[in-house]
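Student: Provided herewith is a single structure, encoded as structure tokens, for subsequent inquiry.
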Amino acid sequence: MSAIEPRSGEKRILQEDCAEDKLKNGILTLTNQRLIFEKTEGRMVVLSKKIGEVVLDVSLDKISSVKAEGFLLKKVTIVVDRNQYKFGVFNNSEWVKSIQKQQYDNKIRF
């Protein structure tokens, strides 16, 4: 599904089709090393999706904050270099726990 080339020893943890408030639609992928967001372009007529450019590719040690927001519109919010990103995902608490677990497993502290 993803056009991202994995790094040595990299494993995919979570992946979800979602939307970010400013970046719009895309695919959010969490690996044991980084968080990646690839833009997608969908066409309702043929129900297809085209993967576009990678607009966020950040090592987990660069994420200074991660939290779950919302009740009906669930979002996982991350902060990278003073930039805030809000991704609309189905299970925001699972994303938060998974990101924090990968950071902990890699000995990354806030």
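Every number in this text was worked out from the coordinates using simple rules, so none of it is lab data. Only a predicted model underlies this, so the values are computations on that prediction, with no experimental measurement involved. A quick note on method: Cβ atoms are made from the backbone with ideal geometry, for glycine too, and the neighbour counts reach across all protein chains shown.
Student: Could you tell me which residue of the range 72-96 is surrounded by the fewest Cβ atoms within 10 Å (Cβ to Cβ), considering only residues that are without any contact (Cβ under 8 Å) to a residue 12 or more places away in the chain and within 19 Å of residue 59 (Cα to Cα)?
Tutor: Residue satisfying both the conditions and the ranking: 82.
Student: Follow-up question, since we're still on this one. Within the range 47-94, how many residues are assigned to a strand (DSSP E or B) and either more than 29 Å from residue 107 (Cβ to Cβ) or in contact with a Cys (Cβ under 8 Å, 6 or more places away or on another chain) (or both)?
Tutor: Residues flagged as assigned to a strand (DSSP E or B) and either more than 29 Å from residue 107 (Cβ to Cβ) or in contact with a Cys (Cβ under 8 Å, 6 or more places away or on another chain) (or both) within the range 47-94 amount to 8.
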